[in-house]
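Colleague: One structure follows; several queries about it will come next.
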Amino acid sequence: MIEVQKRKKQERAVLVGLEKEGTSKWDLRDSLDELRELVNSAGAEVVETVTQRLDKPTAPYYIGKGKAQIIKDSFQTQQVTSVIFDNELSPAQGRNLEHLFKRKVLDRTQLILDIFAQRARSREGRLQIELAQLQYLLPRLTRMWTHLSRQSGGIGTRGPGETQLEVDRRRVQERIARLERELEGVRKVRAVQREGRRRHQWPVAAVVGYTNAGKSTLLNLLTGAHVLAEDKLFATLDPTTRSFTLPNKQRMLLTDTVGFLRKLPHTLIESFKATLEEVSEADLLIHVIDLSHPRVDEHVEAVNAVLKELDAHGKQTLHVFNKVDALENTDIVEAYRNRFPRSVAISARTGEGVATLVRGLEDLLDAWRMRSRFHVPASEQALIAEVHRVGHVLDVQYEGEVAVITAHIPPQLEPRLAPFAEKQDA
């Protein structure tokens, strides 16, 4: 009886995707498959997936009006409660679709924000989610004012409606400003914590990867942490940092981060800057990749795209191909390891390959620990910025027009810095 009641309460969703010019049918299918996973993670059931081929989205409904009417006609037989679009809708499109469907209309961004809101546990996480939701809501406030249509409409209702709308908009803007101030405080606290860690001279490795690649499981395996690890998208949001001592007695810090995703909303990246700074400020990256996933290449590209947006690309990276225990064809392991020379293959769930992973971390640290001193002309601002971004700067002194930099640098930066390296006494 209880199970029946739960089933009745579960939301039933129709997914809608558009095959636009320049988008292949396979890309659309993959994107909709991922949208289905997101809907399942949000706790809803997908009852139908609808696609349409158009050169570009239509201004009123995103899809054609005829297709929208067909979707509406299917509601009664399938008991649909919501319609979810694979791409972001404009405020006008969302308003028109809700008026037509008389159902909840969401786009991909709103769905991701809803999942994040469910997963956020810490005060910081809740602040970041509320900020992202308000930033998304602000240009869409007119959708909230459907009660005006119940009045006489037209003459006599415009003034009060506009006035109230402006009041609400101002309140939202004030709340956004307050949240940004609070999160700025969080960022300062994190900066102090990072500075404290740096004083110990322990390298920090950020564990990054596509959502549900197994980052939290790996952190738990290596450090004995008890981070929530579930077979769900975005199971964990709040970053966790734990110390880890390698067999050669080298100590390092591992930081678990929020999973990445294709089409990750820009507002979300902006709101989560306080958390994602852990990635950009890390000395090393451990990129966990679900090798059993059919879209593994797209996942790697999506993570690399977010790393570029965070200005964290180019750091020394160990690629960890996870979930090898779920592979039917093990030949794929060698193929990917050949493509990514600095890589290991493991199963974080069973522990297979962990000894190889630890050796890989030792090698990564040995390369990272190369400490050098450079005399770089102050005019080489781009190179100096690159050293700060991908290296670990220990000290900077300016002698006239020359920056004397002491730093650990990754091997790929050595050729560019070689002309400025301090000569060693014979």
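The values are calculated or read from the model by the stated rules, or taken from the named source; none is laboratory data. This one's a predicted model, so the numbers in the text were calculated from it and none came from an experiment. No Cβ is skipped: glycine too gets one built from the backbone with ideal geometry, and neighbour counts run over all protein chains shown.
Colleague: If I filter the range 212-236 down to residues being assigned to a loop (DSSP other than H, G, I, E, B), touching a helix residue (DSSP H, G or I) at 6+ places or on another chain (Cβ under 9 Å) and modelled with pLDDT of 75 or more, which single residue comes out as surrounded by the fewest Cβ atoms within 10 Å (Cβ to Cβ)?
Modeller: Across the range 212-236, the extreme among qualifying residues is Asn212.
Colleague: Does the range 338-349 contain at least one residue that is closer than 24 Å to Val404 by Cα and among the aliphatic types (A, V, I, L, M)?
Modeller: No: the range 338-349 contains no residue that is closer than 24 Å to Val404 by Cα and among the aliphatic types (A, V, I, L, M).
Colleague: Could you grab me the full set of residues in the range 278-297 that are part of a helix (DSSP H, G or I) and surrounded by fewer than 19 Cβ atoms within 10 Å (Cβ to Cβ)?
Modeller: Correct list: Ser280, Val296, Asp297.
Colleague: A further question on this structure: Quick one: Val80 ticks every box in (1) within 29 Å of Tyr210 (Cα to Cα); (2) surrounded by 15 or more Cβ atoms within 10 Å (Cβ to Cβ) except a single one, so which number is it?
Modeller: (1) is the only condition that Val80 fails.
Colleague: Another question, if that's okay. For a quick check of your reading of the model, give me the residue pairs whose first member lies in the range 107-134 and is free of Cβ contacts under 8 Å to residues at least 24 places away in the same chain, whose second is among the small types (Gly, Ala, Ser) and surrounded by 18 or more Cβ atoms within 10 Å (Cβ to Cβ), with beta-carbon atoms closer than 8 Å and at least 6 apart or on different chains.
Modeller: Sorted first by the residue in the range 107-134, then by its partner, the pairs are Asp107/Gly94; Arg126/Ala120.
Colleague: So Val333 fits all but one of (1) crowded, with 20+ Cβ neighbours inside 10 Å; (2) over 16 Å from the mean Cα position of the chain (by Cα); what number is the exception?
Modeller: Among (1) crowded, with 20+ Cβ neighbours inside 10 Å; (2) over 16 Å from the mean Cα position of the chain (by Cα), the lone unmet condition for Val333 is (1).
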